[in-house]
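Quick notes on the structure that follows.
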Amino acid sequence: MKTIYKVLYPVGYEEHEVADDFPTSIPFVEDVPIQNLENPQSQFFNFSKNRWQEVVTQNYAEKLELIETLTQAVQEENEVLKVKAEEQAAQMTDTQLALAEVYEMLVPSDKEVR
């Protein structure tokens with residue numbers, strides 16, 4: 001088992017125990033959050049710098065950069081999912097056509113029955 005951290009927006013995290021082979025992708029990271037903070041939830045993960053940072057060091061440019069990085073990652077992941085959905089739709093159509101052909105071979109038509 002390994003521990004991964006779900007990055008919460010705008011600050012904080014959730015800790016999760018997962019299998020060692022569990023894929024880690026946004027919004028999860030494997031980097032351990034900053035320890036010994038008065039409030040452990042007063043930090044954010046800066047994806048562009050690939051590290052946790054205290055909120056007190058965060059400025060608006062870093063917030064914007066964080067949002068842009070998250071948006072870009074989500075858009076890229078959405079494109080991958082879109083391609084997969086299109087591939088599955090094509091496979092479903094092929095399967096439906098194959099089933100229709102098998103059905104036509106197995107079930108006699110009205111013309112053949114007469």
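Things to note:
- Straight Cα distances below 19 angstrom link Lys82 to the aspartates and glutamates Asp94, with same-chain residues fewer than 8 positions distant left out.
- Assigned charges on the beta-carbon of Lys, Arg, Asp, Glu; the chain dipole about Cα centre (debye): 180
- Segment 6-65: GluC sites (Glu not before Pro) in DSSP loop, at most 12 other beta carbons within 10 Å: Glu30, Glu38
- Cleavage-rule hits, trypsin sites (Lys or Arg not before Pro), segment 43-77, DSSP coil, Cβ neighbours within 10 Å at most 13: Lys49
- Intensity falloff of the chain expressed as log10 I(q)/I(0), Debye formula with alpha-carbon point scatterers, at q = 0.11, 0.14, 0.16, 0.17 Å⁻¹: -0.55, -0.71, -0.84, -0.90
- Under 21 Å from Lys49, Cα to Cα: lysines that are on another chain or at least 8 residues apart: Lys6, Lys63
- The heavy atoms of Val56 present about 120 square angstrom of accessible area, all protein chains included, probe 1.4 Å.
- In a reduced charge model with +1 at each Lys and Arg Cβ and -1 at each Asp and Glu Cβ, segment 2-54 shows a dipole moment near 240 debye about its Cα centre.
- Estimated at 0.36 nm per residue, the fully extended path between Asp31 and Glu101 surpasses their Cα-Cα distance by 19.9 nm.
- Cα radius of gyration and Dmax for segment 58-108 (Å): 21.9, 73
- Comparing Ala98, Val56, Leu66 along the charge dipole axis of the chain, the residue lying farthest to the positive side is Val56, per the Cβ-charge model.
The values are calculated or read from the model by the stated rules, or taken from the named source; none is laboratory data. Note that this is a predicted model, so its numbers are computed, not measured. Quick reminder, even Gly has a Cβ in these numbers, built from the backbone with ideal geometry, and neighbours come from all protein chains shown. Only protein heavy atoms, including side chains, enter the accessible area calculation; ligands, DNA and RNA are left aside. Shrake-Rupley method; radii C 1.70, N 1.55, O 1.52, S 1.80 Å.
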